[in-house]
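Inspection log for the structure reproduced underneath, given as structure tokens.
The values are calculated or read from the model by the stated rules, or taken from the named source; none is laboratory data. Here the structure is a predicted model, which means the values were calculated and not measured. Because the Cβ atoms are built from the backbone with ideal geometry, glycine has one as well, and the counts that use them run over all protein chains shown. Note: areas computed on protein heavy atoms with side chains; ligands, DNA, RNA excluded. Shrake-Rupley method; radii C 1.70, N 1.55, O 1.52, S 1.80 Å.
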Amino acid sequence: MNTTPLSVAVIGAGMAGTTHANAWRQVGTVFDLGLPQVRLHTIADAYLPFAEDAAQRYGYERAVDDWRAVAEDPDIDIVSIVVGNALHREIAETLIKAGKHVLCEKPLADTLESARAMAQAEKEAGVVTGVGFTYRRNAAVAELAKLVTEGHLGEINHFDGRYWCDYGVDPSTPMAWRYKGPMGSGALGDVGSHLIDTAEVICGPIVSVSGAAMMTSIKERPVATGHVTRGTALNTGDSANVTYEPVENDDVATFTAHFASGAVGTFSCSRVAWGLPNSLMVDVLGTKGRASWDLARCGEIKIDDVNSPAGLGGARRVLVGPDFPYFARGSSMAFGGVGLTQIEQFTYQAHAFLQQIAGITPEQGALPPCASFADGYREMLLADAVARSAATGGAAVDVADLPELASL
């Protein structure tokens, strides 16, 4: 096991970027000791004030306005890429060639071609790479997957998942990278990528999709003249001279799926769900029980099963506690009722990534490996299948055997 201290940089100082910065700051506080010490080295952002602010708040040594400074610095060992997905490929390939370990946010890339190239680069790389499907790190989600795997809910017949957000509901929200790219890269590619990955973590591989429908409710958005963070323009200039650009992808996407297990799935995702800033909900229904999870109540699941006494059935609330995956050593107050937030998922992800770099296998450590670039490419192939289904009026698309993955 390699315990040499490692230096970390984060490229991107927006909302998700600062969450990565915080995760690397916290990574040594969870689970077991023995991992390499982390040096908080650099925050990079094209808008230097963002980088400087994040570096100061999270304790990083320096701030730069060009990601290439990170790639060229021989002292940096690990890099989180947290910028628009159209930039992922160039940055990741450059960092891999520079011998740096790369943890890249989802969706993996802006096109299937770039995603495939990144997965191929991963295969040939001599470094550790991963993609940020953080809901794999949620204790409650992991518990649902455990209930399914162990057969506690019986044979699973239905998975229902919905990820509804409102970050795009205001038509004055300015144009950004999330609104560019082909249909299937909008709400589906952004929040839907998490939904697809979470469904497969719980219920196993999807083998076909069908019944897809997509729509764009806000056809154009204003172009900001200043820097944009969290969907808000810092400076839109004179409102009388605002220009607009067309939105190129989906605000809402829905579809159905079949899993290899025989279960069916229903999915919906939206970035224009009024009043729902970040609403992810999952239901899993089987022949012997059902279980549900709601991100708004992150520290609990609801379960109803055959163990209920006659006449006393109904969903009961079970608080996340030490018997759930990840939680016992992942919280400083590891007992039911303490709760979790989405933030812990990023810390757990950073810990798992650090384990992989140190050569700790899943059997030795607390967490399985992070999702790979190949996993990120698979998710994009599934999203592309959904887009193709929508383009053909909801026709079924078989994804049981993806030759693109087999040929990597």
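List of remarks:
- Residue within the stretch 151-167 that is farther than 30 Å from Ile303 by Cβ, open to solvent by 10 Å² or more (accessible area, probe 1.4 Å) and within 21 Å of the chain's Cα centre (by Cα) present: yes
- Check on Phe373, touching a residue at least 24 places away in the same chain (Cβ under 8 Å), in contact with a His (Cβ under 8 Å, 6 or more places away or on another chain), of a type in the set (A, V, I, L, M, F, W, C) and open to solvent by less than 30 Å² (accessible area, probe 1.4 Å): no
- For the stretch 204-228, a residue qualifies if it is farther than 14 Å from Arg378 by Cβ and buried (at least 23 other Cβ atoms within 10 Å of the Cβ), and exactly one does: Ala212.
- Residue match in the stretch 28-44 (condition: within 26 Å of Gly189 (Cβ to Cβ) and surrounded by fewer than 24 Cβ atoms within 10 Å (Cβ to Cβ)): no
- For the stretch 258-298, taking the residues that are of a type in the set (S, T, N, Q) and open to solvent by 20 Å² or more (accessible area, probe 1.4 Å), the one that is farthest from the chain's Cα centre (by Cα) is identified as Thr287.
- Among the residues making up the stretch 32-45, a single one is in contact with a Pro (Cβ under 9 Å, 6 or more places away or on another chain), part of a strand (DSSP E or B) and not aliphatic (A, V, I, L, M): Arg39.
- Remark: pairs (first residue in the stretch 91-110, modelled with pLDDT of 95 or more; second residue of a type in the set (Phe, Trp, Tyr) and open to solvent by 10 Å² or more (accessible area, probe 1.4 Å); Cβ separation under 7 Å; 6+ apart in sequence or on different chains) = Ile91/Trp67.
- The sole residue among Val247, Val252 that is modelled with pLDDT of 95 or more, within 24 Å of Asp197 (Cα to Cα) and β-branched (Val, Ile, Thr) is Val252.
- Positions within the stretch 376-408 being open to solvent by 20 Å² or more (accessible area, probe 1.4 Å) and either of a type in the set (Val, Ile, Thr) or on the phi > 0 side of the Ramachandran plot (or both), in sequence order: Thr392, Gly393
- In the stretch 98-127, residue farthest from Cys298 (Cα to Cα) [restricted to those that are among the hydrophobic types (A, V, I, L, M, F, W, C) and surrounded by fewer than 22 Cβ atoms within 10 Å (Cβ to Cβ)]: Ala98
- Some residue of the stretch 322-335 being of a type in the set (Phe, Trp, Tyr) and without any contact (Cβ under 8 Å) to a residue 24 or more places away in the chain: yes
- Any hit, the stretch 17-31, residues being outside any helix (DSSP H, G or I), among the hydrophobic types (A, V, I, L, M, F, W, C) and outside the structural domain of Ser185 (by the TED database): yes
- Subset of the stretch 51-100 [under 14 Å from Trp24 (Cβ atoms) and assigned to a helix (DSSP H, G or I)]: Ala54, Ala55, Arg57, Tyr58, Val70
- Among (1) open to solvent by 60 Å² or more (accessible area, probe 1.4 Å); (2) modelled with pLDDT under 95; (3) within 14 Å of Leu382 (Cα to Cα) - the single one Ser185 does not satisfy: (1)
To keep it simple, each residue is scored yes or no on (1) touching a Cys at 6+ places or on another chain (Cβ under 7 Å); (2) of a type outside the set (A, V, I, L, M); (3) more than 20 Å from Thr129 (Cβ to Cβ).
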residue	(1), (2), (3)
Thr29	no, yes, yes
Pro36	no, yes, no
Leu40	no, no, yes
Leu48	no, no, yes
Arg57	no, yes, yes
Asp73	no, yes, no
Ile78	no, no, no
